[in-house]
Every structure is written in structure tokens, then in C-alpha cells.
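Here is the structure we will look at.
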Amino acid sequence: MQHHPVPHKIGRIIPWEGKDYLYFSGTAYLGMGNVPEFEEMIMAGLMQYGPNHGASRFSNVQLQVYDELEQYFAEEAEAPFAALLSSGFLAGYICNSLLEEICDELWPAPDAHPAILPNSLTVDVSLSFDEFVEACIQKSHTYKGKTLGILSNAVDTIKPSIHDFQWVEKLSPANQYYLLVDDSHAFGVFGKGIFGTYSFWKDLPVKLIVTGSLGKALATPAGMILGDAAFIGKVKNGAMFRGASPATPGNCQAFLQAGRLFARQQEILRENMDYFYEGIRGLSGLSFVENFPVVTLVESGFSEPLMKAGILISSFSYPRPEDIPVDRIILSAYHRKEDLDFLVDQLCQLLR
């Protein structure tokens, strides 16, 4: 699909070459970039802390906002401890690097994001998640006394599907297991409030680590790692955490103040999902799950006719550049009922 560079922030409508397009792509699920009160909080944080904090978290002069955000996020997520990074990708990279040292083997799910995937590993994208689960269970019973790491997204954003990890209870008890879950597309969307899925899986017989970007639904350029004292201790004592510049403090301050706004936008998103999914329920050729704001068109080729109608959807080759483009509709809290009605009408014309 043709690229559409624009010189302004992206919202529900994108003007391009003299025409306005409804935007149903990206990962701004809560539409926080279009909430004026949230923008004002960010600007206030910018005035308080400046544009950036270019010192180590372990410098002799430290900003308390980072500790405050870590403690707040951990408590709300029901995790023992948290580590705040400048990006979700860095957070994931630190996690997979540590697990590569700790574990005898790592087992990546077929949809594992590159952020949590060591360079030494490749995934078999032809496997379904269920096939991956069954392979893990069977393999676990052939080992004894091993330390094994399972790497997975919380959600497959392409199919889409939300993963359930109760299956790890079927793993052989003769080994120790780490479960690393990438919550980048769960934070702000599903789980406990806006805080992801840690509380869902914390009682499973594994050492649980949840990581992810806060820059998608939560519109905060930062990454988060949740885990126990031992693992978060390894993170914070490591060279990457100690040497990396921290997240932008003004945005962290805005996050701490925006709980009411996040909750409101999350409710609007849920209403939009319910409304839209009711409208497309009778259509064939669409794949979606009720609690996730992504709809995949089973066959490609719909992005162009939708664009002619004034709708921009997500369309790109995945997972490899040579693959057939995957066409997806991304819902956001900034969409209005009339936007959803128009999209439903266009889909009915194309799919019936």
C-alpha cells in the first residue's frame, strides 16, 4: 500500500492531497493524543522538568517521578516490582537478554514480538499458537531439572486473538519456568484497568515477567517491566539499565495525573468496539475478538477500495517484507459513531 506522509499529528481524520480520510490504523487505541486535557498535562510536565533528563537513573541527582511511576504501576498491576525504561523495545530487549543468560532454553511463541526475541532465535510462523502450546507441554515432559523460558505476546494483533496462559499448569513440574509476556498491546486495552495482564497470570507455577510499551494505548514514550524482586534487581543492576537515559520525565508526570482520563477513554473504546462489532456481526471474511480493537480482513486487497471511499486502514506485509499485505481495521476511542456507521456501510458493500 502507498505510504502517506503527513506533517501533523494523527487523529480520526487525515487530510491528504486535498481529501480527508477517516483513519482506522495505528496503535493509539485510547486516542490520548486527541485529548486536550492530557496534552495540557504533558505541557505542564515539560515546563516542570524540561524537554528531557539526560542523566542515569543512578546519578547522584535523581528525579523522584521515575520511582513514583514504578511504584504506582507495580501496585496497580499487582506486581511486586517494576522497572521503567525509555522504550518498550529496550524493556523487551533487556528481558530477553537476561533470560538468555538465566535459562537453559527459550521457547518463543510463533507471534513473539522482536522486542522479546533474542537475535539467536527464530520462530516458526507457520505454527498456530495452539500447536506451540502443545509442543511446549510435550517437550517439558522430556526434561528434568532445566530452567526454561517461554516468550509470548499477550495478544496476536494479526489474527487477532488474546492468549490464555493457564496451559502452563500442564508443564512438567520437574523443571523451573520463566514466562515473559509482552503487554504492549494489552496496556490500556485489556487486563486490570489500564495496567495489563500481570494480575491474570501471577499465580501460575512460573516466574512471571511482563514487559511492554506504554507508547501505544497509553501515549507515553516509555517501557515497563514487571516482575519479582530478583528479576527486577537484575534489570536495575545491569549495564543497560544503568547506562541508558531514562524516559522523558514530563510525560511520566502526566501519566501519574491522567488516571481519570485513561479510564474515560477506555470506556469510550469499549463502547466503540461493542457498537462496531454488532454492526459487522453478520459479515463473512472478518476476524476479531470482542475485547480487542482490531479487525483483520481474512483476504487482502480491501485497502484500496476502502481508501477510494475515504477510509485508511492498516495494510502492510507481515511478518516478512515479501509476504502478502495484511489488511486490518484499528478502532480507537477518538472514533465517532458516524465514523463507525460509514465503515460498516462500506464493508457491507464489499463483503456481501
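The values are calculated or read from the model by the stated rules, or taken from the named source; none is laboratory data. This is a predicted model, so every value here is computed, not measured. Note that each Cβ is placed from the backbone with ideal geometry, even for glycine, and that neighbours are counted across all protein chains shown. SASA here: full protein model, heavy atoms, side chains in, ligands and nucleic acids out. Shrake-Rupley method; radii C 1.70, N 1.55, O 1.52, S 1.80 Å.
Structural remarks
- In order through segment 55-68: 3J(HN,Hα) via Karplus (6.51 cos²θ - 1.76 cosθ + 1.60), integer Hz, x for Gly, Pro: 10, 4, 4, 10, 5, 5, 10, 10, 9, 6, 4, 5, 4, 5
- Rg and Dmax, both from the Cα atoms of the chain and both in Å, are 20.9, 65.
- Between Asp203, Asp323, Asp164, the Gaussian network model of the chain with springs among Cα atoms under 10 angstrom shows the greatest mean-square fluctuation at Asp323.
- With both residues required to sit in the chain, DSSP beta bridges show an antiparallel share near 55%.
- Using θ = phi - 60° and Karplus 6.51 cos²θ - 1.76 cosθ + 1.60, couplings along segment 281-287 (whole Hz; Gly, Pro as x): 4, x, 8, 8, x, 10, 10
- Length-normalised contact order of the chain in % [C-alpha pairs under 8 Å, at least 6 apart]: 25 percent
- Normalised by the number of residues in segment 57-211, the average gap of Cα pairs under 8 Å and 6 or more apart makes the relative contact order 22 percent.
- Looking at segment 1-73, the GluC sites (Glu not before Pro) that sit in a DSSP loop and have at most 11 other Cβ atoms within 10 Å of their own Cβ are Glu17.
- Our summary gives segment 103-159 a relative contact order of 58 percent, counting only alpha carbon pairs under 8 angstrom and 6 or more residues apart.
- Burial ranking of peptide ranges 330-337, 180-187 (average Cβ count within 10 Å, highest at the top): 180-187, 330-337
- With contributions of -39500 (n - 2.57) from each DSSP H run of at least four residues, the per-residue ellipticity at 222 nm computed over the chain stands at -11000 deg cm²/dmol.
- Rolling a 1.4 Å probe over the protein chains gives Val294 an accessible area of about 0 Å².
- Largest GNM mean-square fluctuation across Leu208, Leu30, Leu127, computed for the chain with C-alpha springs under 10 Å, falls on Leu127.
- Taking the empirical scaling 2.2 N^0.38 Å for compact globular proteins as reference, segment 1-106 has a Cα radius of gyration ratio of 1.49.
- Prolate/oblate/rounded label for segment 246-352 (Cα gyration tensor, a/c 1.5): oblate
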